[in-house]
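Okay, so here's the structure we're looking at.
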Amino acid sequence: MEKSYKQLLENNKQWVADQLAIEPNYFDKLANSQNPEYLWIGCSDSRVPANIITGTNPGEMFVHRNIANMVVHSDMNMLSVLSYAVEVLKVKHIIVCGHYGCGGVLAAMGNKQIGLIDNWLRHIKDVYRYHHKELDAIKNMEQRARRFVEVNVMEQVHDLGKTSIVQNAWKNKQPLHLHGWVYDINDGLIKDLNVTFTSTKNLHSVYHLDKL
């Protein structure tokens, strides 16, 4: 167990050496600033590393992760990341990326009590309730779960658009696009769900916010 833990530190030293061999000034440049064009809101699942599957380097993507890539209106952690990314870093794209086989989504489909996480899963269950007619009509449980992953991502894109942070950026003519993707762990490919929001026109009028 101790050896496993310390191996991470050795891996870090090797990684530093590898980077410096390629670019001697790598860390000097990285330390000066970060100018990411993207905010990634993804799942905490260890099989979905944002930078690796998108081929982006450190400094190119701002990342927030939680169970089942949720955008919860009362989650101050997520809102703080969103605020900093939009208002300070001025990212141009926010990507909500779910993944097939998501444990949080699968748990939300069932009724087993797990513990504290049940409170978080309730937000995912709400998504199921919104789309229950479509989902219940899918008899194959694996296919139903895959579709649930997709509609969950779509709802989170909607929820991003509902925030005052995003709407104020749009009102200030800040270029900001919201996207919904799904990563397939089985083949490594990302599927664009073609749900892209660029203004409040993509939202029902009841969610439109007047600027203070």
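A few comments on the model shown:
- Lysine pairs in region 84-168 whose alpha-carbon atoms fall under 24 angstrom of each other, counting only those eight or more residues apart or on distinct chains, come to 8.
- Computed on region 51-206, with alpha-carbon pairs under 8 angstrom and 6+ residues apart, the relative contact order is 27 percent.
- Here K3 is the anchor, and the lysines within straight C-alpha reach of less than 29 Å, apart from those fewer than 8 places off in the same chain, are K13.
- GNM on the chain, alpha-carbon springs under 10 angstrom: the most fluctuating residue among I124, I114, I94 is I114.
Throughout, read-outs are computed from the coordinates displayed, never taken from laboratory work. In this text the structure is predicted, and so the values were computed from the model without any measurement.
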